[in-house]
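In what follows, a single structure is set out as structure tokens and then discussed.
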Amino acid sequence: VQLQAFGGGLVQAGGSLRLSCVASRTIFSIRTGTMAWYRQAPGKERELVARVSSGGTTTYADSAKGRFAISRDNIKRTLYLQMNSLKPEDTAVYYCYFLVGVSVYWGQGTQVTVSS
């Protein structure tokens, strides 16, 4: 597995979860650029949640601003997404995305379910 995502689960509205995505040594390198989290809810298209550039610049979807925080640890080859104040509409499968050179890698997805 080149990207392993974990940390999803079932949480009540208002709760928190922290997603992690670990890259294998075979794909992570100094050429690793933008990393991001996307999500896909049932019947909807995959959408960007947040991304972080190689220089640390972060971008968030409007729905995530003020509640989610993306971060990366290049030493650990890991991408994080801290999600607070979760809402039922955050329910989706969350996918991590790594851009290494011109190659794109996707994680297998981790399910986040927020109950009302």
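The values are calculated or read from the model by the stated rules, or taken from the named source; none is laboratory data. No experiment lies behind these values; they were computed from the predicted model shown. So basically every Cβ, Gly included, is an ideal-geometry build from the backbone, and we count neighbours across all protein chains shown. Accessible surface is based on the protein model in full, side chains and every heavy atom, while ligands, DNA and RNA are left aside. Shrake-Rupley method; radii C 1.70, N 1.55, O 1.52, S 1.80 Å.
A few notes on this one:
- Cα gyration tensor shape of segment 76-116, rounded if a/c is under 1.5, else prolate or oblate by comparing a/b with b/c: prolate
- Portion, in percent, of the accessible area of the chain that falls on carbon or sulfur, probe 1.4 Å: 50
- Alpha-carbon centroids, segment 1-59 and segment 66-92: separation in whole Å: 7
- For a straight C-alpha distance cut-off of 18 angstrom, the lysines reachable from residue 87 (same-chain residues fewer than eight places away being disregarded) are 44, 65.
- Kirkwood Rh in Å, taken over segment 9-49 so that all alpha-carbon pairs contribute: 13.3
- Förster radius 25 Å - calculated FRET efficiency between residue 106 and residue 13, Cβ distance, rounded to 0.05: 0.35
- Cα-projected label distance for residue 62 with residue 4, points at 7 Å along beta-carbon direction, nm: 3.8
- Stretched out straight at 0.36 nm per residue, the stretch from residue 44 to residue 30 would grow longer than its current Cα-Cα span by 1.6 nm.
- Accessible surface comparison of 18, 77, probe 1.4 Å, protein chains only, largest first: the order is 18, 77.
- Between 33, 66, 43, the residue with the greatest mean-square fluctuation in the GNM of the chain (Cα pairs under 10 Å linked by springs) is 43.
- In the chain, the inverse of the mean reciprocal separation of distinct Cα atoms equals 14.1 Å; this is its Kirkwood hydrodynamic radius.
- Computed with a 1.4 Å probe over protein heavy atoms only, the accessible area of residue 44 comes to about 140 Å².
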